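Rule-based calculations on the coordinates, nothing more; no lab input. A quick note: this is a predicted structure, and the numbers were derived from the prediction, not measured. As a convention, Cβ positions derive from the backbone with ideal geometry for all residues, glycine included, and neighbour counts pool all protein chains shown.
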There are 2 protein chains.
Amino acid sequence: MTLEPVRRPALSDEVIDRIRARIASGEWPVGTRIPPEPELMRQLGVARGTLREAVRALAHTGLLEVRRGDGTYVHATSELSGAVSRLYGGSGLGQLLEVREALDAQAARLAAVRADDAALDALAACLERRAAAWRAGDFEAWVAADWDFHAGVADASGNPLLAELYRDLAGPLRSAMAGTWSTPGFQGADPVGHETLLAALRERDPAEAGRQAGANVADTREWDARGRA
Amino acid sequence: MTLEPVRRPALSDEVIDRIRARIASGEWPVGTRIPPEPELMRQLGVARGTLREAVRALAHTGLLEVRRGDGTYVHATSELSGAVSRLYGGSGLGQLLEVREALDAQAARLAAVRADDAALDALAACLERRAAAWRAGDFEAWVAADWDFHAGVADASGNPLLAELYRDLAGPLRSAMAGTWSTPGFQGADPVGHETLLAALRERDPAEAGRQAGANVADTREWDARGRA
DNA sequence: AAACGTAAGACGTCTGACGTTTGATGTCCA
DNA sequence: TGGACATCAAACGTCAGACGTCTTACGTTT
C-alpha cells in the first residue's frame, strides 16, 4: 500500500475552524464580543499573527466584524454573507431578484411536500401579523412579518442549505429595496399572493406552490422596475 | 451638517481589494502563481503580517490557494467557492442537488427568453460533442461536454450572478458525484433530456425549458440515490 | 540514466515593539 | 447637580526581525 504523506493543516486554519465552531455551536451568539486577542492567544496557544490571520479571514467572509479600538464581534452565522454582499455590489438588483425567484419557488415546492402542520400554522400566523400590520399602517412590523413568512417557507423546505442560501441572498436584497417600498406610489404588497401560496402548501401541491412563489417575486420585481422608472 | 469621521479602512482590507482586483481584471488568471511575499510587500508597501492577513482571507474564500514551500496560486475567480465547499461538507448531496435544480430551471427559463442564436448554436455544439464522446466511450470528454452545456445555459441566462452561483454550486457537486457516474450500473446519461431542453430554448418556451431542466436534475438525483443504495 | 544529496526559495510561526482608535473614567467648572 | 472636558486603559493595526519547515530544482554520484 502507498503511504499518505503527513499533511498538517496550517495552524491558522485550525484556529479558523475553532472559532467558527464556537460560533456555530451557539457559544458565541451573533452580537457577542469575542475575547480580545491576548486572551484568545492564551486559550488557543498561538501567536498573535496566527490568530489575527484567522480572525481576518473570518471577518472577510462576514462571520466576524472587527472594530478597531473596541473589539471583535460576531456578525453573522453564515459564511456566505460576505461573498454575497460583495457579489451584490457588482450585480444589479434585477439579477438578485431572478436568483431569489428560483430559490423561493424551489423552497415552496419542497415545503409543499415536507412541511408539517406546525410549520404551516406558524406560516399562517406570520400572514396574520403581516395583514394586521398592513391595516395598522405599521410598515416596520409588516416588513418583519413578511420576512418571517418567506424565511419560514425556506425553513419548511427541509433543506438547510437552501434556507441559508435564501437568507443570505434575500436579506441584503430586502434592505436594498427598503427605498422602493417606502415610495409613495407603492400601494400593493398584495397579501393575496401569499395567502394563495399558503393554501397551495396546505393542499400539498408543489407545482402550484412553486407557481405562486414565483408570481410573488415577479410582482416584487415589477414594483422595483416601476419605482426605478 | 454633521461631519463624518475619517474612516480609514484597514490596510489589510485595502490589500485584499488590490489583490482581488488583479484577479478580477484577468491580470492574474486562474492557475497563476502570484509573486512571493517579499515581492508583494515591496509592490504594496506593507509589512509581511499585513500582506499575509490579506492573502489568508482570500485563501479562505477560495480565491487563492497557498502551497507551503512552493507559492500562492490563483485558485478561482469567485469568492463563493470557499464558503460553498464548506457548506457542502455539512450538508448532503441531496440538498445541493435541490438547490442546483432551482438554479438550473431558472437559468433555462431565462435563457429561453434571452439567449441569442449564437449561444444556442454553441449549446448545440456542446451536445454534439457530448453525444460523440458517449458513443466513443470517452467518459472524460463526455463529462466535460456535459458541463460545458450546463454552464453554457447558465451563461445564456444573461444573469452573471446566477451563472456564477450555478458554477460554484454545481462544480463541487459534479466532482463529488464523479464516483456515482463511474459506477458500472450507471448506464443512462439519457441525452434525450438535454436535446429536448435545447429544443425548448430554440422555441423560446420558458416554461417548457424550465420543466426540462428540472427533469434532468431529477434524473441525476435518482441516479445518485440508486448508486448510493 | 537513475538515485541521491544539497541548497535556494517560499510559506508558517513566534517574539517584541509602537501607533491609533475607541470607550470609559474621573475631574473641573458653571 | 450636571455637563463639558481631559485623561487613561484596553483593543486592534502595523511594522520589524528571526527561525523553522516544506517544496522544488539542480548538481553530483554511482
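Just a few scattered comments:
- Cβ-based exposure ranking for A:His150, A:His194, in which fewest neighbours within 10 Å come first: A:His194, A:His150
- Rounded to the nearest 20 debye, the dipole magnitude of chain B is 860 debye, with +1 charges on Lys and Arg beta carbons, -1 on Asp and Glu beta carbons, and the Cα centre as origin.
- Counting only Cβ charges, +1 for Lys and Arg and -1 for Asp and Glu, the dipole size of the stretch B:2-134 around its Cα centre is about 500 debye.
- Gaussian network model of chain A, Cα within-10 Å springs - most flexible of A:Gln95, A:Gln43, A:Gln212: A:Gln43
- Ordering B:Arg174, B:Arg109 from the fewest to the most neighbouring beta carbons within 10 Å gives B:Arg174, B:Arg109.
- Sorted from closest to farthest, the other copies place their A:Ala132 label points 6.6 nm away, with each point set 7 Å from Cα along Cα→Cβ.
- Across identical copies of the chain, A:Arg114 has label-point separations of 2.9 nm, listed in ascending order, with the point defined 7 angstrom from Cα along Cα→Cβ.
- Which of A:Ser25, A:Ser85, B:Ser175 has the fewest Cβ neighbours within 10 Å, and the rest in rising order: A:Ser25, B:Ser175, A:Ser85
- Relative contact order (%) - the stretch B:11-74, alpha-carbon pairs under 8 angstrom, separation at least six: 41
- Packing-based order for A:53-61, B:139-147, using average beta carbon neighbours within 10 Å, highest first: A:53-61, B:139-147
- Among B:117-124, A:131-138, B:196-203, the peptide with the highest mean count of other Cβ atoms within 10 Å heads the list, and the full ranking is B:196-203, B:117-124, A:131-138.
- Taken along the Cα-to-beta-carbon direction at a fixed 7 Å, the label points for A:Gln43 and B:Ala118 span 5.6 nm.
- Most fluctuating residue given options B:Gly26, B:Gly69, B:Gly82, as computed from a GNM of chain B linking Cα atoms under 10 Å: B:Gly69
- Average beta-carbon neighbours from other chains, 10 Å sphere, peptide B:96-104: 6
- Averaged over A:26-37, number of beta-carbon atoms from partner chains that fall within 10 Å: 0
- Between A:Arg202 and A:Arg86, the modelled labels are 4.6 nm apart [label points 7 Å from Cα along Cα→Cβ].
- Test item: B:7-19 mean partner chain Cβ contacts at 10 Å: 1
- Inter-copy label distances at A:Arg33, shortest first and taken from points set 7 Å along Cα to Cβ: 4.5 nm.
- Within the stretch A:145-171, backbone nitrogen closer than 18 Å to the virtual label 7 Å beyond the Cα of A:Ala125 toward Cβ: A:145-157
- Overall form of the stretch B:1-99 per C-alpha gyration tensor (a/c, 1.5; a/b vs b/c): oblate
- Between A:Asp70 and B:Leu11, the simple label model (points 7 Å from Cα in the Cβ direction) yields a spacing of 2.3 nm.
- Cα shape, the protein assembly as shown, gyration tensor, a/c 1.5 rule: oblate
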